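Just so it is clear, none of the values below were taken in a lab; they were calculated from the coordinates. Keep in mind that this is a model prediction, so the values were computed, not measured. Don't worry about glycine lacking a Cβ; one is built from the backbone with ideal geometry, like all the others, and counts go over all protein chains shown.
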Amino acid sequence: MAIRALFPTLVYRASLIDGGWRRFNQDLADECQSLSLSDEAGRRWSERHYLGGYTSYGSLDRLHLVTSLFDRLRKRIDRHVKAFARDLHYDLSGRTLAMTDCWANLMPAGTVHSMHLHPTSFISGTYYVSVPKGAGALKFEDPRLAHHMAAPPRRADAPESQRPFVNVPAKDGDLLLFESWLRHEVPPARFSGERISISFNYACPHKSVAPKPRG
């Protein structure tokens, strides 16, 4: 008898902490706080779609093209996204893998970001600027869940790879990457302060095909 594990779902995690990280991270936190105060359109959007918190997703969703600080973060993330794509064994020859969206999130205690995915993207992720003790982890959903049909519930001692939901905690300086089709959410949590994060998407456009020579 043999059992094979097929079609794995990969989640990439790395720390961006280095010698100059503390100052860089504080600058990011200050910039996110400043955005939450000055971005009136973003606050209006958040009142409807991000109750209790602030996100620039509905107003300023390309921060890497707006400020040099967020572009510096983009440059640090780029190599990790490329490494993750290699781990996923995608053929990127002739294609450009580039950040397309980047936005800030501030979540006080009790703020919820319900289950969703990131359509039209290839790889998505979050960089954690500030994670107070007890702040919500990122909760992933088994992509096979809708197809389980009449399956009974999993046992409480099921391994992580066999659970219907997996919570991935993070701390300051952590980077999490996942394929954009993977559904995820931030559940409510009780903590002091604000959970500050920066989310982003990468796309991989189809390579262009050169016209056939005439003759």
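Below is a table of values for the structure above.
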quantity	calculated
Residues satisfying the stated conditions in the range 100-140, i.e. among the hydroxyl-bearing types (Ser, Thr, Tyr), over 11 Å from the mean Cα position of the chain (by Cα) and assigned to a strand (DSSP E or B)	THR100, SER114, SER130
The lone exception for ARG86 - which of (1) over 15 Å from the mean Cα position of the chain (by Cα); (2) surrounded by 11 or more Cβ atoms within 10 Å (Cβ to Cβ); (3) not aromatic (Phe, Trp, Tyr) it fails	(2)
Yes/no for ASP157 being farther than 29 Å from GLY94 by Cβ, among the acidic types (Asp, Glu) and within 22 Å of the chain's Cα centre (by Cα)	no
Given (1) within 21 Å of TYR57 (Cα to Cα); (2) of a type in the set (A, V, I, L, M, F, W, C); (3) touching a helix residue (DSSP H, G or I) at 6+ places or on another chain (Cβ under 8 Å); (4) free of Cβ contacts under 8 Å to residues at least 60 places away in the same chain, index of the condition LEU138 fails	(3)
Which numbered condition LEU138 fails, given (1) more than 21 Å from LEU10 (Cα to Cα); (2) surrounded by 17 or more Cβ atoms within 10 Å (Cβ to Cβ)	(1)
Selection count where residues are surrounded by 12 or more Cβ atoms within 10 Å (Cβ to Cβ) and over 22 Å from ASP78 (Cβ atoms), scope the range 31-43	6
